[in-house]
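Derivation of every value follows stated rules applied to the coordinates shown; laboratory data play no part. Since this is a predicted model, take the numbers as computed values, not measurements. With ideal geometry, Cβ positions are generated from the backbone for all residues, glycine too; neighbour counts draw on all protein chains shown.
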Amino acid sequence: MQARNRFADNAFKGVGCFHYRRDWENPDVTQVNREPMHAPWGAYENAAQALAGDRDASVHVLTLDGTWKFHLAARPAEVPEGFWTPGFDVSGWADIQVPGNWEVQGFGKPIYTNYIYPFALGKDEAYLKKPTLAGGDADERLLMNPPYVPEDNPTGCYVRTFKLPAGWAGRSVFAGFSGVESAFYLWVNGQAIGYSQDSKLPAEFEVTAALKPGLNTIAVQVMRWSDGTWLEDQDYWHISGIFRPVRLVAKPKIHIRDWFVTATPNEHGDGARYTADVWLKELAGYADHTVRLELFDPDGTRVAQADGRQALRMNWGARHEAAVGFSFDLPSVRRWTPETPALYTTVLTLLSPEGKAVDRESCRTGFRRIEIKGSVIYLNGVRMIFRGVNRHEHALASGRYVPREHMRREILTMKRLNFNGVRTCHYPDDPVWYDLCDELGLCLVCEADVETHGVNGILSNDPAWAAVYLERAVRMVMVHKNHPAIVSWSLGNESLKGPNHSAMANWIRYYDRTRLVQYESGGPEAIISDLRGNMYAPPDTIMNMLGDARDTRPVVLVEYLYQIRNAGGGMYWFPELIERFERFQGGFVWDWQDKCLLAKDKDGHEFPGYGGDFGEDLVERTVPLHMTCNGVVLPDLTPKPVAWEIKNAQSPIQIVAVDAEHGKFRLRNRHHATDTGGYALAYELLENGVAVGGGRVPTPAARPMTDAAFELDAKALRPRRKAGAEYHLNFRVTLLADTLWAPAGHEIYRTQFALAAGATAAPAAPAPVAVSLSSTRNEWRIAADGFTVVFDRKTGLIHACEKDGAAYLDSGAVENLWRPQSGLDTDPHWGFYDLWLPLTPGQLTRQVEGVTAFALPDGRARVEVASRLVAKASPYTVRSQSVYTVSGDGRIRIEAELDIDRGFQHVKRVGLGLVLPDGFETLEWYGRGPGENYCDRKGNTLAAVHKATVSEQHFPFIPPSECGGHDDVRWVRLTRDDGRFLLVECPALFHFDARHASLADYWHAAHDHELPRRPQTFLNLDCRHAGIGGNMSWSTAVDDRHLVPAGCYRFRFDLQMG
C-alpha cells in the first residue's frame, strides 16, 4: 500500500486498502493520532517555576525552534521518497528557520487574495466544477468544488535532529506544533506519528514509542493547500509552513492533562466564586493520585488551597464526572478588567499515592463577570464599552510568525491609543498573545478559524462539513478557555450563516457559561449570536438597529471605520452614539496594522510590498492589490494620522462644555474600573492661536461611568480681550504616574473650545504701492523697486516672481479640483474613483480663453485670466476666472471664480495650486494641527499657530495617498533659512497642504520609494476640501455635508512676500 502522504489521486485502491482518499482532500480526516486539545502545558519542575508561569523554562520542555533542513516539492506525490527516515541524506537541502513561513524565506511566492480562493481558474481539475455544459457563465463561487485542491500543491519537507534529554527516561513525550499551514504529516525516527490540519490551533502528538536515547530525527511534510483551506479564506496572505513554535514536552505517565478554571465575582459585594475542574491522564491507578490546587493573589500570596481526587462513584447530573472538581468562595478579590488586569495564579500539583509531587501546571486567573442584562453587556456589573480593533497575526519581516516582543509592542501601542479590546481576526492567535493580553489588559474576542467567503454559505449549510465546523470551535475553546482576557467566542467570519454555526454556538454556550458567543455574517439570529455586530453599519443604520423593538440584542460592531490609503472620517459619531444609546457598546476598527511583506525593487532594496509585488502567478482580481494595507498603524507600528483621531474620539475621559464662556464644563469618566485620580488636567488659553495663559486644574473626582462638573475662570485669565482677536480654551488630560503601558505624562485626551472673540475690528488695509506694467509677445511683466512678477501670456499663470533678488514662486496659480487618492477612491470602480477620474492629472486640459493686463488708478496692476477646464472622459467643463492684483510692496491678491458644471456632481476640492522654489522648508500656519486634518476628521487637532517643515507633511501611506491637509486655516507662511517668507491669508477659513511632490507624482507612484522628493514646494490652497471619507463605516461612505458639490465658487487669497 502506498504511503498516505503520497497518494497521487483519490481513486479506489482495491483489495486491502480501506483508506484511499487523500487526507488533505477529505473533510472526514482532520487528524490522525492527534492528542485531544487542552490548556497549554508547562510541565514545571517545582512550585516556584509554576508560579512564574514561563512554559518554556522547565527541563521537561525542549524547543525545536531554529534551523531545519528544507526541501520544497511541487506537490505531495513528488516529495523525496523516504525523506523522513534517519538515514536519508539532507545535507544538500537548504536551511530554513522555524518558526517562519517558507515564502518569506525565499521558497515560493506569497499570494494575497481578498475572498477569492487562491486557485487558478480554467483548469481541468477536481477543485473546479462544471455546472453547465451548455456554455453559460457561472458565478465563480459555484465553480469551486470543496474539498479538492490543485494538483500543484507546494509541499514543504522539514527535517532536523535533536538530542533526547537523559532525564526524560520513563516519561511520556509529546511533540507540539503551535501553528502549521495548512496540513502536515509527522514522523519521528522514520516512524509515522500522525497528521493534522486546522492551521491556527496547536497540534500535539505523543511520540514516546518512537524515541531512542541520544540523537533523534524528526520530519514534517507540510501541504500548502488542503480541504482545510476551504475554511481559511480570510482576506489575507496565503503563506505556508511551520509558522509558530515547535517543542517537545515530557510528562509523567499519569499527568495533569487539562483543567478549566472559572473565577466569577459575586453580583454584589467584593467576594467571588472560584471553580476548577482538572482532568488526569487515565492510566491504571490514576484515581489513586491527588490533585493539589493552590490559588495565589497578584502579590504572590497564597489565598486558597485544596486537595482533591477523582471520585470513584458517578454523580448523576454532574457536568464533569471524569474530572477532579474544586469550588470555593473568596470573601474579597481584585477584579480583572482591561484597565486593572489583576492576575491571580492557579497552581496545580499532582501528588503520587506516596505523596510525591510528580507533575505541576499553572495558569493565570482573572476574576471577571461578563454578562448581558436588560439587553446591555456588563463587565463586572459595569456597562461595557468596546474600544476595539481587529488584529491579524502579522509581522513585516516574518509574515505569520510574530515574535513575543513584537506582540508586546503592539499591545502597548494599542493601549496608548486608548484601545481596550481586540478581535483576533479571523482565527485564534498564538497562545503567547493571550498571555500578554491577560497581563497588560485587553479584552479579546477569540475567533474561530472559519471563513468561506469564496463559496458564501455553501459549507455552512452542508451537513458533511458540520463536524469540521464544530471541531474548530471545540478545539479553540479547549486550548484558550482559561484566559480572563477572552470575553467572547466568535464563530468565524464571512461564511454567511447555517446550522453548522448554530451547532458551534450552542456547544460553546453549554460548555462555557462565563462568556458571550457572537457571529456577524448573514444577519444571524439569537440562536447563533448573543449580540448584533453588523459590519460597517453607517450611523443611520446603527440608530435603526437600536430602534428595532423586534431585536433588542446589544450592538457591538465587529468591523467599522474601514482603513485603506488615508481614511477614517466620521469618528466623531463614536462618542455620540455611546452617550445616546446604552445598547450601543462600541466596536472593533478595521484593522490594526498594514499587512505588508518585505519585497525588493530592481536594485535589491527592500520595501513594504503588497499583492503583485512578488512576481506571483496568481494575484487578487476583485479588489485593490494593496487591500492588505488596512491598518491604523504602518507595518513598523508607526501610528497613521487616523490613529490619533481614534484615540481622542474613544478616550474614556471626555470633556464637554456646559457653558464654555462662563467656564462651566463637565468631565465624563467612561472607564470601567478606575476613577479620575490617576489623571492630570491642564488648560491653556490661546489668543489668535498663541498661548497667553494656562496651568493645572484639580482633576474632578469621578467614579467609573459617572460625570463630574468643574469650573475654570477663563475671563480672569484675559479680562480684556483684544479687538479682532480670537480666543480658544484647550484642555489636556495626561497620566500622573507610570502605568504598565505608558509613562507619566502620556496624553489620554485633548479638546478645544472656542470662546467669544474680541470686538470686531476692521483690519488696516496696506497702502498700494505703484508698479510698472510692460509686455512682450510672450509675457506680462509687473515690476517695482526690487520686486518682479512675470505672467505667461499664453497660460495666464505666473512663471516667475522675485523680490530683492530671491525667487518666491516658480508657477501658479493653477485651478485645482483633484487631490491624491484616499479611501474614497482608492482604485477603479471603488467609491468615487470613476466619478472623479475626469479630474485626475492628465485627464483635465486647461484651455485659456483670454489674458488681459492693465494698470489700476491706484498704481497697482491687474491681470485677468479666463479659462476653461475640459475633461477627456467627461462632457462637462469647468469655467474659471482669475484676477491677480499686484502691489509693488510684494503683495499679490488672487481672486478666483470656478463654475463647475453640475454634471460632475461633486469634486475633491476647489482651490489653486502654487509651486515655490527650493528653500521654503519651514512651515507655519494658524489653523488646525499639529497633525493633518480634514473636515470630517479633525477632532484630535487644535486651532493654534503651529510650526513644522514641508517634508514632515508627507506621510508614507502604502500606497502614496492624500496626506498633510490642514483645515480651518487663517494663514500659512513658508520661510527660507535666510528669513525670506511667503505669507498666504484669506478672509475666510481655508484648507491647505504643502508637499515636495506634485499631484501627478502621487498619481503615478505605487509605492512610497517611487514617489519623487522634489526640491520645490507644491502649495495647494482650497476654499473647499472634501472629507477624507469613512463616516465611521466603509471607506467610501461620507456624510453629504463633507462633500464639495459642483457649482460656482468665489474665493480670494492674499500673498505677501517678505
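Highest first, please rank the peptides 750-757, 542-549 by the mean number of other Cβ atoms sitting within 10 Å of their residues. Mind dumping the intermediate values first?
Working: 750-757: 17.2, 542-549: 14.1.
Descending mean neighbour count gives 750-757, 542-549.
Ranking A311, F990, C157 by how far each Cα lies toward the positive end of the dipole of the chain (charges on Cβ) leaves A311 at the top. Note on T290 and T85: the extension gain reaches 69.7 nm, defined as 0.36 nm multiplied by sequence separation minus the Cα-Cα distance.
Taking a straight line from the alpha carbon of K481, these lysines sit under 26 Å away, with near neighbours fewer than eight places off in the same chain left out: K200, K251, K253, K281, K373, K415, K497. Quick test of the membrane-span-like rule: which DSSP H helices of the chain reach at least 27 Å along their long axis (C-alpha atoms) with mean Kyte hydropathy at least 1.0? Flagged H segments: there are none. What residues of region 973-995 lie in the reach of a label at K947, counting those whose backbone N is under 18 Å from a point 7 Å from the Cα along Cα→Cβ? What the label zone holds, given the 18 Å backbone N cut-off, is 973-984. Local charge for R583 was computed over the other residues whose Cβ lies under 11 Å away, with Lys and Arg +1 and Asp and Glu -1, and equals +1.
Stokes-Einstein diffusion of the chain at 20 °C, 1.002 mPa s viscosity, Kirkwood radius from Cα pairs, rounded to a whole number: 66 µm²/s. The trypsin sites (Lys or Arg not before Pro) of region 544-584 that meet both conditions, a loop assignment by DSSP and at most 11 other Cβ atoms within 10 Å of the site Cβ, are R550. Could you tell me the center-to-center distance, by alpha carbons, between region 828-847 and region 868-897 in angstrom? Computed from Cα coordinates, the inter-centre distance equals 20 Å.
So in the chain, what percent of DSSP beta bridges are antiparallel if you round to the nearest 5? Provide the component values of the computation, followed by the final result.
Values: 242 of 266 bridges.
Of those bridges, close to 90 percent are antiparallel.
The helix-based estimate of mean residue ellipticity at 222 nm for the chain, built from -39,500 (n - 2.57) per DSSP H run of four or more residues and divided by its residue count, is -2500 deg cm²/dmol to the nearest 500.
Cross-link reach is defined here as a Cα-Cα straight distance under 17 Å, omitting same-chain residues fewer than 8 places apart; for K722 the aspartates and glutamates meeting it are E661, E687.
Taking other Cβ atoms within 10 Å as a rough exposure proxy, V789, V972 sort from fewest to most as V972, V789. With the Cα gyration tensor of region 613-772 giving a ≥ b ≥ c as the square roots of its eigenvalues, does the rule (a/c under 1.5 for rounded; else a/b larger than b/c for prolate; else oblate) give rounded, prolate or oblate? In terms of gyration-tensor shape, oblate.
Taking other C-beta atoms within 10 Å as the exposure proxy, F588, F832 rank F832, F588 from fewest upward. Please give the Cα centre distance for region 1000-1044 versus region 250-279, rounded to the nearest Å. Comparing the Cα centres of region 1000-1044 and region 250-279, I get a distance of 54 Å.
Can you sort E849, E451 by how many other beta carbons sit within 10 Å, fewest first? Please list the in-between numbers first.
On the way: E849 12, E451 23.
Final ranking by Cβ density, sparse to dense: E849, E451.
When each of the peptides 98-105, 84-91 is scored by the mean number of other C-beta atoms lying within 10 Å of its residues, the order from highest to lowest reads 98-105, 84-91. Taking a point 7 angstrom from the Cα of T795 along the C-beta vector, which residues in region 835-874 have backbone N less than 13 Å away? What the label zone holds, given the 13 Å backbone N cut-off, is 846-848. Reported to the nearest whole Å, the Cα centre-to-centre distance from region 383-423 to region 54-74 is 25. Protection proxy ranking of 47-56, 67-76, by the mean of other Cβ atoms within 10 Å over each peptide's residues and highest first, is 67-76, 47-56.
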